[in-house]
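Working notes, structure below.
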Protein chains: 2
Amino acid sequence: MNKPSEIPAGIEGRLSTRDLLIRAGVEQCTEGGFQMTGIETILRAVGVPKGSFYHYFKSKKAFGLAVVDAYADFFHRKLQRIFSDEQTPPLGRLRNFVSEAVSGMSRYAFRRGCLVGNLGQELAGLDDEFRRRLEEVLRAWEAQTRRCLEQAQAAGELRKEANAGELAEFFWIGWEGAILRAKLTRSARPMHLFSDCFFKQVATR
Amino acid sequence: MNKPSEIPAGIEGRLSTRDLLIRAGVEQCTEGGFQMTGIETILRAVGVPKGSFYHYFKSKKAFGLAVVDAYADFFHRKLQRIFSDEQTPPLGRLRNFVSEAVSGMSRYAFRRGCLVGNLGQELAGLDDEFRRRLEEVLRAWEAQTRRCLEQAQAAGELRKEANAGELAEFFWIGWEGAILRAKLTRSARPMHLFSDCFFKQVATR
């Protein structure tokens, strides 16, 4: 899922120092969590002096929140791209999202999951600002997914009586669980198993 | 879900020093993760000197694995108690598990989740021994849940053509996601939403 290499490059195609710091932050936080990530490690990865860091971010927490924002933005555009693919029927788009996520996870040997799931697990009980921001991000992904499911409903792919909003919530609740489990099993099985059950439930029979 | 106060007391009803250390470990690791938990904090919580810690555990990692084992054991017995309740039909037992989990989470204002989900998210990519042990624990809970679903099937509560093993896997994949999300929303909604969808899917119509 997490592809730091795809985190936004500048218009001119070159990453600014700030972007490089954030990209390294996504990588480090996804693998080792926020609290264990040292600013020194980030600086070393990017090769910039400490003063540079504090030029862009007033604190480590401000940096962490900027990392979440960048990831949220990257992911929002990814969902937008997949869900606006007019060549594919709506439910097929959600299936394509699942396939892309499986490829993304396997590219990192199922060691990296979703930054939002990782930080949510780590920080939900510890920091209210992170908790609220991470929940907001998930709500936004749900909203995008709900629209996709509504289109599936309009196209007759999804049962008329289904509640697209609740199904989108259900999808994201379970999907974050599937990503966690894929890391534990080092395999795509939980992602396939969850999505197969999900599609079996929603599709018109 | 996590009720450290219910972590095993000795036969005589008093907790040994080792039990007290482990109980403090469950609490600390569930709230702040494994890596951020300092042995000093554990010692202070229990009020024993450092030498005592190394008398029981050869390293922090050995302690962490013992914490996982104690939690797994506690949870195994909890599932056993709920799933062997002959007064309740099998699917009702799984519903009772959900209700107990909701009460357990709300008791801690949805700040604490499942130790296995927490440590899984944190350590799956970092330590293979933890990863394998945590996956084993989830497999054991799945096996208990599968037996409950098979009983539901025998009782005609669950569709004959359903695959109880896969449904148990599906339940635990999504349930860990629901616990994470309950921490993020500080509410039981994700737990109810996930389980309602789950029961709607499995129940005979």
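The values are calculated or read from the model by the stated rules, or taken from the named source; none is laboratory data. No experiment lies behind these values; they were computed from the predicted model shown. Using ideal geometry, Cβ is built from the backbone for each residue, glycine included, and neighbour counts are taken over all protein chains shown.
Tabulated values for the structure
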{"read-out": "Residue list for segment B:62-95, filter: of a type in the set (S, T, Y) and farther than 12 Å from B:L115 by Cα", "value": "B:S84, B:T88"}
{"read-out": "Out of A:Q35, A:Q121, A:Q87, sole residue that is within 14 Å of another protein chain (Cβ to nearest Cβ) and either within 30 Å of A:R147 (Cα to Cα) or under 19 Å from the mean Cα position of the chain (by Cα) (or both)", "value": "A:Q121"}
{"read-out": "Failed condition for B:K160, given (1) of a type outside the set (G, A, S); (2) within 10 Å of another protein chain (Cβ to nearest Cβ); (3) more than 16 Å from A:F194 (Cβ to Cβ)", "value": "(2)"}
{"read-out": "Unique residue being surrounded by 19 or more Cβ atoms within 10 Å (Cβ to Cβ), in contact with a Cys (Cβ under 8 Å, 6 or more places away or on another chain) and in a helix (DSSP H, G or I) when the list is A:F194, A:F130, A:F170", "value": "A:F170"}
{"read-out": "Candidates A:F34, A:F57, A:F53, filtered to the one that is among the aromatic types (F, W, Y) and crowded, with 22+ Cβ neighbours inside 10 Å", "value": "A:F34"}
{"read-out": "Any hit, segment A:16-37, residues being of a type in the set (G, A, S), part of a helix (DSSP H, G or I) and at pLDDT 95 or above", "value": "yes"}
{"read-out": "Residue in segment A:134-142 that is assigned to a loop (DSSP other than H, G, I, E, B), over 20 Å from A:S59 (Cβ atoms), hydrophobic (A, V, I, L, M, F, W, C) and more than 7 Å from every other protein chain (Cβ to nearest Cβ) present", "value": "no"}
{"read-out": "Near pairs, Cβ below 9 angstrom, 6+ apart or cross-chain, from segment B:135-160 (surrounded by fewer than 21 Cβ atoms within 10 Å (Cβ to Cβ)) to any residue that is modelled with pLDDT under 95 and in a helix (DSSP H, G or I)", "value": "B:E157/B:V202; B:R159/B:V202"}
{"read-out": "Check on B:S195, in contact with a Lys or Arg (Cβ under 9 Å, 6 or more places away or on another chain) and more than 9 Å from chain A (Cβ to nearest Cβ)", "value": "yes"}
{"read-out": "Hey, B:V116 facing chain A (nearest Cβ under 10 Å), within 24 Å of B:A70 (Cβ to Cβ), in a helix (DSSP H, G or I) and hydrophobic (A, V, I, L, M, F, W, C) or not", "value": "yes"}
{"read-out": "Hits in segment A:48-73 - residues which are small (G, A, S), within 21 Å of A:G33 (Cβ to Cβ) and in a helix (DSSP H, G or I)", "value": "A:A62, A:G64, A:A66, A:A70, A:A72"}
{"read-out": "Residue under evaluation B:G125, criteria (1) part of a helix (DSSP H, G or I); (2) closer than 23 Å to B:A70 by Cα; (3) without any contact (Cβ under 8 Å) to a residue 40 or more places away in the chain, criterion not met", "value": "(1)"}
{"read-out": "Test: residue in segment B:75-96 that is within 30 Å of B:L43 (Cα to Cα), in contact with an Asp or Glu (Cβ under 9 Å, 6 or more places away or on another chain) and modelled with pLDDT of 95 or more", "value": "yes"}
{"read-out": "Qualifying residue in segment B:79-88 (condition: in contact with a helix residue (DSSP H, G or I) (Cβ under 6 Å, 6 or more places away or on another chain), under 25 Å from A:G33 (Cβ atoms), outside any loop (DSSP other than H, G, I, E, B) and aromatic (F, W, Y))", "value": "no"}
{"read-out": "Some residue of segment B:178-189 being buried (at least 18 other Cβ atoms within 10 Å of the Cβ), charged (D, E, K, R) and assigned to a helix (DSSP H, G or I)", "value": "yes"}
{"read-out": "Yes/no for B:Q153 being more than 8 Å from every other protein chain (Cβ to nearest Cβ), part of a helix (DSSP H, G or I) and not small (G, A, S)", "value": "yes"}
{"read-out": "Residue count for segment B:79-101, restricted to those that are surrounded by fewer than 19 Cβ atoms within 10 Å (Cβ to Cβ) and under 25 Å from A:G125 (Cα atoms)", "value": "2"}
{"read-out": "Odd one out for A:G165 among (1) of a type outside the set (D, E); (2) free of Cβ contacts under 8 Å to residues at least 40 places away in the same chain; (3) more than 13 Å from chain B (Cβ to nearest Cβ)", "value": "(3)"}
